[in-house]
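Sending over a structure as structure tokens; questions will come in a sec.
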Amino acid sequence: MTIVKINLHKVNAERNLSAKGGQIKINNNVSVKDVEDLNFAVDGKKGLKVTFAFNCSYEPNLGKIDVEGQVLYVDVDKKVSKAKTDWEKDKTIPAEVMEEIINAALHKGNIQAIKISEDVNLPSPLPLPKVRATVETPLAKK
């Protein structure tokens, strides 16, 4: 159960300059597009190349960010074979494998979306931490 690497092969951002300001809703989504065997030569282990799409849309019609890539996943032969068979049969992946893959894709997609959102002047897709100054009041004298 190891994510070996995450490769990106498509990054696209668009901002609608004619969109009106106001309340903005940001939706993030990750989907698996394809699962292929990964040539991996270690005894008892197999690998998968999982192609994913990360989409961040800004509503109403303010813009969007799309990131596509591949998660390279390696685990014991039995678990990887089951994931590949399930994908070929009904386009599903066992939950424990899917969790790792989706979390890796979300992580990479969100980082790219944060970087790109700055370049195209869109709000960050994730709330960034802020420091708030507090004003100390003198203690009441007794």
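What is the residue count in the stretch 22-48 for residues that are surrounded by 13 or more Cβ atoms within 10 Å (Cβ to Cβ) and more than 19 Å from E100 (Cβ to Cβ)?
Counting residues in the stretch 22-48 that are surrounded by 13 or more Cβ atoms within 10 Å (Cβ to Cβ) and more than 19 Å from E100 (Cβ to Cβ) gives 2.
Could you please tell me which pairs satisfy a Cβ distance under 7 Å, a separation of 6+ or placement on different chains, a first residue in the stretch 107-126 that is closer than 24 Å to G21 by Cβ, and a second residue that is hydroxyl-bearing (S, T, Y) and buried (at least 20 other Cβ atoms within 10 Å of the Cβ)?
Cβ pairs passing all conditions: L122/Y58; P123/S117; S124/S117; P125/S117.
Something else now. Inspect all residues belonging to the stretch 12-21 and state whether any of them is part of a strand (DSSP E or B) and surrounded by 15 or more Cβ atoms within 10 Å (Cβ to Cβ).
At the first step, the residues of the stretch 12-21 found to be part of a strand (DSSP E or B) are 12-15.
Now restrict to residues that are surrounded by 15 or more Cβ atoms within 10 Å (Cβ to Cβ): 13, 15.
Yes, the conditions are met somewhere in the stretch 12-21.
Run down V131, V135, V42 and say which single residue is closer than 24 Å to N7 by Cα and not charged (D, E, K, R). Working first, answer last.
On the way: V131 fails: closer than 24 Å to N7 by Cα; V135 fails: closer than 24 Å to N7 by Cα.
After applying the criteria, what remains is V42.
Would you be able to say whether some residue in the stretch 103-115 is touching an Asp or Glu at 6+ places or on another chain (Cβ under 7 Å) and surrounded by 13 or more Cβ atoms within 10 Å (Cβ to Cβ)?
No, the conditions are met nowhere in the stretch 103-115.
I would also like to ask the following. For the stretch 116-133, does any single residue satisfy the condition of being over 30 Å from R15 (Cβ atoms) and out of contact with any Leu (no Cβ under 7 Å at 6 or more places or on another chain)? It would help to see each step written out before you state the result.
First pass over the stretch 116-133, keeping only residues over 30 Å from R15 (Cβ atoms): 133.
Then keep just the ones that are out of contact with any Leu (no Cβ under 7 Å at 6 or more places or on another chain); that gives 133.
Yes, because at least one residue in the stretch 116-133 is over 30 Å from R15 (Cβ atoms) and out of contact with any Leu (no Cβ under 7 Å at 6 or more places or on another chain).
Report, by residue number, each residue of the stretch 50-80 that is under 20 Å from K5 (Cα atoms) and outside any strand (DSSP E or B).
D77, K79, V80 - these are the residues of the stretch 50-80 that are under 20 Å from K5 (Cα atoms) and outside any strand (DSSP E or B).
Residue by residue, here is whether (1) out of contact with any Ser or Thr (no Cβ under 8 Å at 6 or more places or on another chain); (2) basic (K, R); (3) closer than 23 Å to D43 by Cα holds:
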site: V67; (1), (2), (3): yes, no, no
site: V74; (1), (2), (3): no, no, yes
site: S81; (1), (2), (3): yes, no, yes
site: D86; (1), (2), (3): no, no, yes
site: E96; (1), (2), (3): yes, no, yes
site: E99; (1), (2), (3): yes, no, no
site: A104; (1), (2), (3): yes, no, no
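Taking into account only those residues within the stretch 1-11 that are surrounded by 16 or more Cβ atoms within 10 Å (Cβ to Cβ) and closer than 14 Å to A104 by Cβ, which is nearest to the chain's Cα centre (by Cα)?
Among those residues, the one meeting the criterion is I6.
Rule-based calculations on the coordinates, nothing more; no lab input. These numbers come from a predicted model, not from an experiment. All Cβ positions, glycine included, derive from the backbone under ideal geometry; neighbour counts span all protein chains shown.
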